[in-house]
Amino acid sequence: MSSGQEKPLVGKPPGNQLSPTCPGHGLAGVSESSSPQAQSWHLTTKMQSSLQPLCLSLEKLHRVKDSMLEAMDRGLSRRTHAQATVRMLPTFIRSTPDGTERGEFLVLELGDIDLRVLLVELSGDTRQTVTVKDRRFPVSDAIAQGPGEKLFAFMATCLCEFLDGLRLPQRAFQLGFSFPFSCRQTRLDQSYLFSWAKRFKCPGVEGRDVVELLQNAINKQDRYCIKVIAVVNDTTGTMMGCEASAEPCEVGLIVDAGTNSCFMEEARCVEVVEENLGRMGVVTEWGSFGDDGTLNDMLSPYDRLVDETSLNPGKQRFEKMISGLYLGEIVRHILAELATQGGLFSGRTTPALLTKGSVQIQDILEITDEQVGVARAQCVLWRLGLEASDQDCFSMQQVCSAVYIRAASLCAAGLAAILSHMRRNRELTRLKTSVAVDGAMFRDHAKFGQTLQQLVKKLAPECDITLVQAEDGSGKGTAMVTAVASRLAAQRFQVNQTLALLKLSPDALGEVQALLRREMELGLKKETQTTSSVRMLPTYICATPDGSERGDFLALDLGGTNFRVLLVQVGAREQGGVRIVSELYSIPPQVAQGPGSQLFDHIVECIADFQTKQGMMGQTLPLGFTFSFPCQQTSLDQGILLSWTKGFNASGCVGQDVVKLLREAVKRKNHFALDVVAIVNDTVGTMMSCGYDDPSCEVGLIVGTGTNACYMEELRNVGTLAGGEGRMCVNMEWGAFGDNGCLDAFFTPFDRQVDEASLNPGRQRFEKLISGMYLGEIVRYILLELTAKGLLFRGRPSPKLQTRDIFQTKFLSSIESDGLALRQVCAILEQLGLHVTCEDSVLVREVCQVVARRAAQLCGAGVAAVAEKIRENRGLEQLSVTVGVDGTLYKLHPHFAQEVQGTVQRLAPRCSITFLQSEDGSGKGAALIAAVACRVAHHQRA
């Protein structure tokens with residue numbers, strides 16, 4: 001053997017000494033099917049020693065992956081982005097293709113030696129046929145190194161010449177610009193050049209927006225109407241041009257003369273941009289990974305030699321271990337060292353072997369081929385002036401394999417980091433995605449892809465990937481970016497048109513405030529009350545708690561599908577204030593909608609059960625009855641039911657005194673006696689409950705399943721009573737605001753659909769715009785409309801989505817939660833049988849936001865009208881008042897309360913309003929009303 005005196009190693013080293021990148025391992029070296037002659041060749045000890053620095057164990061690859069993850073996080077953070085080695089640059093691409101993209105799109109692809117102009121036609125049908133027409137224009141040195149204005153004028157001229165040759169009837173086009181230089185991108189159509197590279201050096205361009213320069217040059221031609229839609233990085237083009245298999249393609253990878261990667265990141269994680277919904281394409285710029293020394297312990301002596309002799313020492317460290325531009329140099333340094341040590345070529349070197357660039361990546365790709373690699377090695381060595389033995393050729397094949405497989409392994413570690421990062425941020429148990437790969441190293445050698453696939457499975461076992469070879473990433477991919485942007489813009493226009501109906505201007509909100517104020521005035525006057533949609537019902541409550549109330553009281557709370565009985569003990573604040581013991585009882589639908597006698601008998605049975613459990617049978621305590629339905633009160637303990645709401649429809653009750661109906665049920669059951677002191681609306685109870693904690697609380701507000709408001713009105717203004725001094729709480733029953741048609745201009749088609757399908761069409765119109773019972777339905781109708789237009793769920797609604805009341809209002813609160821990841825939004829929608837994309841989730845969240853914001857703003861306009869009424873009643877320049885609030889929508893929705901408060905502040909700037917959330921207004925408040933009534937009666941007797 002010409003490699004000499006050294007004894008060959010027979011057989012393979014023990015398995016536990018091998019690593020994914022060592023020769024002899026299953027991923028490199030000679031396969032079991034090689035010829036008998038090939039199997040007689042072996043790695044010498046000197047060869048093993050030289051290749052050992054290239055060996056990376058799985059443990060080391062895991063460390064690379066973990067370091068890459070840390071570097072990615074630093075690149076995404078606003079605080080550390082500027083210092084990060086992995087830059088994580090936002091591309092402002094918000095979606096991958098969904099197969100519906102359609103039309104003709106122009107592409108300008110600026111390459112090393114030429115400019116390629118393409119017209120790409122997308123069919124937009126199920127098969128998504130892509131037709132490409134293109135032409136290449138050589139770029140001379142005079143253009144590549146001349147004034148920037150000249151370069152862009154050249155591109156515009158070539159573009160027009162290309163279109164002239166096609167003789168197309170149309171004159172308007174959208175264009176994507178593939179610009180392969182380092183840029184700071186601030187929008188999809190805005191990118192500022194950092195620096196030129198390769199042979200390009202056009203003065204006057206660095207620091208400027210290349211899209212603007214191109215658009216200006218096109219406009220000067222004044223021949224076609226061409227709009228530059230996007231500027232695209234080749235890595236992004238690779239991802240976007242991928243024809244994904246079963247899973248969407250959300251990762252792009254290039255391993256060629258250089259290397260880079262991109263993926264669809266959760267937008268909320270990209271801190272350097274303002275967008276926080278949906279996803280955004282991010283280019284990692286991972287070639288510079290390790291520039292901070294992170295990879296120093298992974299560098300071999302050959303890597304250091306390559307780096308020292310490169311044009312950018314200390315830079316692009318990861319790229320220099322992976323990309324085709326440098327692998328040939330690593331191989332050359334290993335061969336030269338082995339020859340110098342006498343381990344190859346009988347110790348001989350040649351000037352060609354010692355010349356930089358004499359071994360190319362194409363040589364490595366051919367030499368690592370198991371069938372013809374040894375023969376190809378002999379050709380390359382002959383080119384280098386070396387007379388090589390078969391053993392020398394075999395050894396060169398092993399060197400090339402070791403270098404090549406190490407590159408694939410490092411690439412796999414980086415890819416595993418990206419996939420693990422995506423899975424973590426999406427909060428998935430498993431991630432499934434396609435990865436588009438481009439570049440000669442992947443395209444021209446199957447082993448690279450096999451290594452990627454096998455090692456990613458070991459390094460990120462929770463991720464399933466399909467590697468897809470990209471086709472024309474820069475051309476077709478750039479067209480796809482442009483097409484997706486066009487699709488999103490068209491969809492956004494339609495979405496905006498739909499949602500604009502629900503967006504209220506400050507003037508519109510002011511008009512609602514004025515309308516409510518007018519209705520309030522009409523409702524307070526005896527002669528006009530019947531014309532007002534706001535009933536303005538007197539409650540006969542003329543005082544709020546002053547802190548001196550004492551004693552034990554019963555409270556009943558009927559306002560929905562559940563009924564409560566409470567024992568409320570009112571003491572001194574310093575001794576604990578109010579103590580409550582309560583029991584919750586359900587009211588079955590058949591009881592709520594059956595005979596009235598059955599409903600009140602059920603209530604009495606619940607009271608008896610509670611008194612028995614509390615050992616109170618035989619006691620008669622003052623009782624406050626919270627009855628959360630519209631009533632006309634004629635005294636504190638008498639209320640005539642005007643109408644049922646909230647799904648109740650018990651017969652024989654409307655027009656009757658509900659306190660009398662309760663007392664009659666007690667007589668029928670003959671269990672005990674009740675001392676009903678007051679019948680109370682839950683809104684009034686809320687005001688009184690908060691009034692116990694804050695004496696300035698003179699407004700009550702409920703925004704839950706239903707909505708209502710009350711406030712302390714000057715008794716002289718309550719025209720439905722005889723008049724007098726002091727104040728009285730007025731129950732507005734504002735849910736019916738607009739029932740007389742005064743709000744018709746603010747109703748959208750979706751509101752009308754909800755109203756028509758409700759149990760009480762034409763009634764409670766304001767409530768149907770605001771309350772929790774209806775917001776989910778409004779959202780559902782909007783989603784159906786957007787789906788019918790093909791803007792959601794691929795135009796395919798599920799049967800569940802077409803089911804009334806299936807989209808519950810609690811979904812709005814969940815979907816709008818700030819910390820909720822899109823995966824959780826998807827999970828909510830998937831419960832409705834929908835196949836949901838990331839873009840669907842973002843749009844559904846937007847719909848929920850618009851509907852909830854409108855509800856909160858309308859509520860705020862109502863509160864502003866009430867506050868201004870109180871201020872003017874009292875002749876104050878500035879009013880300070882507290883609003884007691886209850887209701888699940890106000891309390892649980894993440895943004896509702898803030899929007900209400902902001903609207904009130906804008907519409908009633910002369911009112912300083914504090915919002916105080918009630919604790920058990922309908923229970924505690926009812927007892928406090930009874931307590932206040934007892935206190936007032938005691939004072940009157942005294």
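The values are calculated or read from the model by the stated rules, or taken from the named source; none is laboratory data. Since the model is a prediction, treat every value here as computed from it, not as a measurement. Glycine gets a Cβ as well: all are built from the backbone with ideal geometry, and neighbour counts include every protein chain shown.
If you go through the range 826-878 and keep only what is of a type in the set (A, V, I, L, M) and under 20 Å from GLN802 (Cβ atoms), you end up with ILE828, LEU829, LEU832, LEU834, VAL836, LEU843, VAL844, VAL847, VAL851. Taking the residues in the range 347-373 that are touching a residue at least 40 places away in the same chain (Cβ under 8 Å) and surrounded by fewer than 17 Cβ atoms within 10 Å (Cβ to Cβ) as candidates, determine which candidate is nearest to SER401 (Cα to Cα). Taking the candidates together, the pick is GLU370.
A Cβ distance below 8 Å, combined with a sequence gap of six or more or placement on separate chains, defines the contacts here; from the range 564-575, residues that are more than 23 Å from PRO695 (Cβ to Cβ) and assigned by TED's automatic domain parsing to the domain that holds THR612 reach no residue that is exposed (fewer than 11 other Cβ atoms within 10 Å of the Cβ) and aromatic (Phe, Trp, Tyr). Screening THR882 against (1) crowded, with 16+ Cβ neighbours inside 10 Å; (2) part of a helix (DSSP H, G or I); (3) in contact (Cβ under 8 Å) with a residue 40 or more places away in the chain leaves a single unmet condition, (2). Note on the range 668-692: residues that are within 16 Å of MET728 (Cα to Cα) and of a type in the set (A, V, I, L, M) total 6.
When you look at GLY738, is it outside any strand (DSSP E or B), buried (at least 24 other Cβ atoms within 10 Å of the Cβ) and not assigned by TED's automatic domain parsing to the domain that holds ILE587, yes or no? The answer is yes for GLY738. Is there a residue being without any contact (Cβ under 8 Å) to a residue 24 or more places away in the chain and either at negative phi or buried (at least 17 other Cβ atoms within 10 Å of the Cβ) (or both) anywhere in the range 525-532? Within the range 525-532 (the criterion being without any contact (Cβ under 8 Å) to a residue 24 or more places away in the chain and either at negative phi or buried (at least 17 other Cβ atoms within 10 Å of the Cβ) (or both)), the answer is yes, since at least one residue qualifies. Check the range 798-807 and report whether any residue there is modelled with pLDDT under 95, within 22 Å of the chain's Cα centre (by Cα) and of a type in the set (Val, Ile, Thr). So far as the range 798-807 goes, no, none of its residues is modelled with pLDDT under 95, within 22 Å of the chain's Cα centre (by Cα) and of a type in the set (Val, Ile, Thr). Only residues that are more than 29 Å from the chain's Cα centre (by Cα) and either part of a loop (DSSP other than H, G, I, E, B) or on the phi > 0 side of the Ramachandran plot (or both) were counted in the range 741-753, giving 4.
When only residues in the range 155-195 that are of a type in the set (Lys, Arg) and closer than 16 Å to LEU213 by Cβ count, which is modelled with the highest pLDDT? Please lay out each step first, then the result.
Here is the first cut: in the range 155-195, the residues of a type in the set (Lys, Arg) are 167, 171, 184, 187.
When the remaining residues are screened for being closer than 16 Å to LEU213 by Cβ, the result is 184, 187.
Details: ARG184: 87, ARG187: 93.
That would be ARG187.
One residue is enough: does the range 5-17 have a residue meeting the conditions at pLDDT below 50, of a type outside the set (D, E, K, R) and buried (at least 16 other Cβ atoms within 10 Å of the Cβ)? Break it down into steps so the answer makes sense when it comes.
Step one: of the range 5-17, the residues at pLDDT below 50 are 5-17.
Still in the running and of a type outside the set (D, E, K, R): 5, 8-11, 13-17.
Still in the running and buried (at least 16 other Cβ atoms within 10 Å of the Cβ): none.
Looking for residues that are at pLDDT below 50, of a type outside the set (D, E, K, R) and buried (at least 16 other Cβ atoms within 10 Å of the Cβ), one finds none in the range 5-17, hence no.
Got at least one residue in the range 298-321 being touching a Phe, Trp or Tyr at 6+ places or on another chain (Cβ under 6 Å) and within 28 Å of VAL231 (Cα to Cα)? Scanning the range 298-321, I find at least one residue that is touching a Phe, Trp or Tyr at 6+ places or on another chain (Cβ under 6 Å) and within 28 Å of VAL231 (Cα to Cα), so the answer is yes. Selection of the range 303-331 for residues being among the hydroxyl-bearing types (Ser, Thr, Tyr), touching a residue at least 40 places away in the same chain (Cβ under 8 Å) and surrounded by fewer than 22 Cβ atoms within 10 Å (Cβ to Cβ) yields only THR309.
No other residue among GLY278, GLY324 is over 26 Å from LEU119 (Cα atoms), at pLDDT below 95 and touching a Cys at 6+ places or on another chain (Cβ under 8 Å) apart from GLY278.
So that you can scan it fast, the table gives a plain yes or no per residue for (1) of a type in the set (Ser, Thr, Tyr); (2) at pLDDT 90 or above; (3) within 43 Å of the chain's Cα centre (by Cα):
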| position | (1), (2), (3) |
| --- | --- |
| SER35 | yes, no, no |
| MET47 | no, no, no |
| SER50 | yes, no, no |
| PRO53 | no, yes, no |
| LEU58 | no, yes, yes |
| MET72 | no, yes, yes |
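For the range 541-572, a residue qualifies if it is surrounded by fewer than 19 Cβ atoms within 10 Å (Cβ to Cβ) and either closer than 29 Å to GLU714 by Cα or among the polar types (S, T, N, Q) (or both), and the qualifying residues are CYS542, ALA543, ASP546, GLY547, SER548, ARG550, THR561, ASN562, GLN569. Among residues of the range 596-622 that are among the aromatic types (Phe, Trp, Tyr), those with a beta-carbon under 7 Å from a residue that is in a helix (DSSP H, G or I) at least six positions away or on a different chain give the pairs PHE600/LEU661; PHE600/LEU662; PHE600/ALA665. Scanning the range 580-599 turns up no residue that is closer than 21 Å to ALA678 by Cα, outside the structural domain of GLY887 (by TED's automatic domain parsing), over 47 Å from the mean Cα position of the chain (by Cα) and hydrophobic (A, V, I, L, M, F, W, C). Restricting the first member to the range 36-55 and to residues that are part of a helix (DSSP H, G or I) and crowded, with 20+ Cβ neighbours inside 10 Å, and the second to residues that are modelled with pLDDT of 85 or more and among the charged types (D, E, K, R), the beta-carbon pairs closer than 7 Å and six or more apart or on different chains are SER50/GLU337; LEU54/ARG406.
Kindly state which helices (runs of 4 or more DSSP H) lie completely within the range 428-523 and contain at least 2 residues that are touching a residue at least 24 places away in the same chain (Cβ under 8 Å), at negative phi and not assigned by TED's automatic domain parsing to the domain that holds TYR404. Before you say what the answer is, go through the steps one by one.
Values: elements: 440-443, 446-459, 478-499.
Where helices (runs of 4 or more DSSP H) fall fully within the range 428-523 and carry at least 2 residues being touching a residue at least 24 places away in the same chain (Cβ under 8 Å), at negative phi and not assigned by TED's automatic domain parsing to the domain that holds TYR404, they are 478-499.
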